[in-house]
1. Check R593: other-chain or 5+ apart residues with amide H under 5 Å from its amide H, H built from backbone geometry?
2. Using 7 Å Cα-to-Cβ label points, what is the A413/A379 separation (nm, one decimal)?
3. Hey, any idea what Rg/Rh is for segment 396-497, computing Rh the Kirkwood way over Cα pairs?
4. How big is the charge dipole of segment 287-400 about its Cα centre, in debye rounded to the nearest 20, if each Lys and Arg gets +1 on its Cβ and each Asp and Glu gets -1 on its Cβ?
5. For segment 173-305, how big is Rg over Rh, using alpha carbon atoms and the Kirkwood form of Rh?
6. What percentage of the solvent-accessible surface of segment 61-141, computed with a 1.4 Å probe over protein heavy atoms, is contributed by carbon and sulfur atoms?
7. Using a Förster distance of 51 angstrom, determine the FRET efficiency expected from the C-beta separation of D483 and R333, and round it to 0.05.
8. Can you give the Rg and Dmax of segment 470-599 based on its C-alpha atoms, in angstrom?
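The values are calculated or read from the model by the stated rules, or taken from the named source; none is laboratory data. Predicted, not measured: the structure shown is a model, and the values here were computed from it. Using ideal geometry, Cβ is built from the backbone for each residue, glycine included, and neighbour counts are taken over all protein chains shown. Protein only, heavy atoms only, side chains kept; ligands, DNA and RNA dropped before computing areas. Shrake-Rupley method; radii C 1.70, N 1.55, O 1.52, S 1.80 Å.
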Amino acid sequence: MPLNRRTFLESSVAVGAGAALTTGVAAAPAQAHGGRPGRVRRYSFTVMGTTDLHGNVFNWDYFTDKEFDDKAHNDVGLAKISTLVDQVREAKGRRNTLLIDAGDTIQGTQLSYYYAKVDPITARRGPVHPMAQAMNAIGYDAAALGNHEFNYGIPVLRKFEEQCDFPLLGANALDAKTLRPAFPPYSMHRLRTPCGRDVRVAVLGLTNPGIAIWDKANVSGRMVFPGLEEQAAKWVPKLRSMGADVVVVSAHSGSSGTSSYGDQLPHVENAAGLVAEQVPGIDAILVGHAHTEIPEYRVKNKATGKDVVLSEPLKWGQRLTLFDFDLVWEKGRWVVEKVAAQVLNSNAVEEDPKIVGLLADEHEKVVAYVNQVIGTSTARMATADAPWKDEPIIDLINHVQAETVREALAGGAYAALPVLSQASCFSRTAAIPAGQVTIRDAAGLYVFENTLEARLLTGAQVKDYLEFSARYYVQTPAGAPVDTAKLTNADGTPDYNYDAVYGVTYEIDIARPAGSRIVNLSFGGSPIDPAGQFVLAVNNYRASGGGAFPHVANAQQLWANSDEIRNTIIQWVKAKGSVDPGQFASVDWKLTRDGVPVF
């Protein structure tokens with residue numbers, strides 16, 4: 001879609017009859033009440049919401065090649081969401097409902113990857129993206145842009161936008177030259193009532209300002225992403241002046257008012273709560289980005305004193321949010337009397353056969369693709385202990401990255417410098433089997449679309465980097481029992497924000513406080529030279545400030561690659577034919593307490 005097209009969208013729907021939900025949600029009144037003098041006129045409707053679908057259509061894990069399951073027995077995918085949506089529409093009356101999304105739609109599974117890279121939707125006579133097909137069939141009314149929408153570049157995003165029957169909204173995604181909206185800022189929807197005046201519901205879409213950093217290569221010079229609060233303050237009054245009776249914000253931004261990126265971001269990353277607090281005129285906010293479950297959260301607006309209701313359904317289609325609105329006719333206009341929110345669990349229903357049948361061929365193509373054999377391995381490698389031990393499977397990632405960077409720098413000014421590499425344990429269930437290795441085995445090590453860079457650091461900066469990473473461990477005194485279930489994720493640090501660095505040797509003394517844990521840091525058998533220069537092979541997420549690791553975001557970039565690290569690993573395995581841990585794996589770091597190894 002060209003820039004600035006369709007910045008105002010309106011749909012009209014009429015009232016229908018309601019029926020009981022089988023998911024335990026009571027049916028709301030399906031029509032407004034009124035007509036006789038003195039009788040209060042009321043109307044109720046429901047806005048349903050999803051977020052962070054990340055390419056999940058089916059309840060299927062392409063990395064394990066079986067039905068998705070976790071410890072809580074959650075289910076995932078739009079096929080499940082479709083069943084819930086149908087039940088809500090039957091209970092409330094289809095014409096009394098809207099369905100919206102808060103972003104991160106087209107990245108995350110091998111299904112979405114396949115149609116961005118292997119059989120891309122941008123090809124001449126290319127396919128329609130499975131997420132567009134599913135969301136169109138379900139009948140979405142609007143969706144906000146997520147930051148991961150930009151991972152595959154703007155051409156893929158624009159093609160996806162073209163294929164959707166609903167608008168992709170981003171009031172704070174602006175054209176870099178004109179500073180005008182690059183996508184529709186909002187959509188307007190009419191809900192017809194029998195009282196003589198329709199209810200007009202505005203949906204304002206806001207995305208994450210971190211896109212400017214995380215996808216700099218794709219958006220620099222083309223788009224800018226100002227803060228959510230300032231753009232909401234600009235648009236909400238406009239929507240009210242245009243006659244909106246209800247304003248719902250769909251925000252790809254967490255509720256907390258914090259950032260996991262330190263001072264790297266130009267604006268607050270998780271600003272949904274701040275928007276509710278600071279911008280008057282908003283009735284509800286569908287929250288995304290943070291991958292947390294918030295059935296209902298109320299924030300008092302400072303200007304009006306009124307509550308704004310926030311809700312965040314769990315990622316991947318595990319939950320569906322319901323915002324139930326009760327309106328009353330007062331002084332010639334509709335006024336929101338009450339808003340309540342809840343989430344429905346998709347594991348309570350079966351997949352919608354309509355969606356399953358619609359995308360069965362696409363699913364089978366991707367299953368066949370990920371099960372292609374690309375080589376063999378002489379031993380089984382797994383990530384189960386990787387959060388607290390130097391495991392060969394993480395060494396494999398680091399070895400491939402270091403080798404790739406070393407080859408890229410060969411013959412240049414930095415060819416003689418030692419190359420180090422960082423890698424995280426993205427999944428504690430990933431494994432490379434002994435024997436045949438498939439694409440899904442290799443891809444399962446690297447579930448994100450990160451690309452590889454080379455940054456220049458000093459020995460002192462490497463030590464600072466490792467100290468920051470070591471915050472991941474809970475301080476555990478010498479002699480105290482060690483429970484691996486409680487050893488990691490100190491202060492909420494996720495696994496993907498703990499880096500093991502390859503190419504140096506070191507110990508992490510977990511008996512010491514964070515910031516002073518790295519001991520015996522050596523390179524080539526000698527203590528590391530604080531002034532020495534090192535090349536760090538690092539993913540673009542970390543290099544752009546992800547996790548707020550010190551030094552790397554401001555370090556000199558020596559080289560960068562546009563191909564995903566996942567593909568680099570796959571191509572490396574194909575080229576080698578056989579993976580032998582004996583050729584690259586070694587124990588270069590370990591956890592200690594007062595010099596005594598923990599394991």
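1. V598
2. 4.1 nm
3. Details: Rg = 17.1 Å, Rh = 16.5 Å.
Taking Rg over the Kirkwood Rh, I get 1.03.
4. For this selection, approximately 620 debye.
5. On the way: Rg = 15.7 Å, Rh = 15.7 Å.
With Rg and the Kirkwood Rh in hand, the quotient comes to 1.00.
6. Exposed carbon and sulfur together represent 42 percent of the surface.
7. In this case the efficiency is close to 0.30.
8. Here Rg and the maximum Cα pair distance are 16.9, 47 Å.
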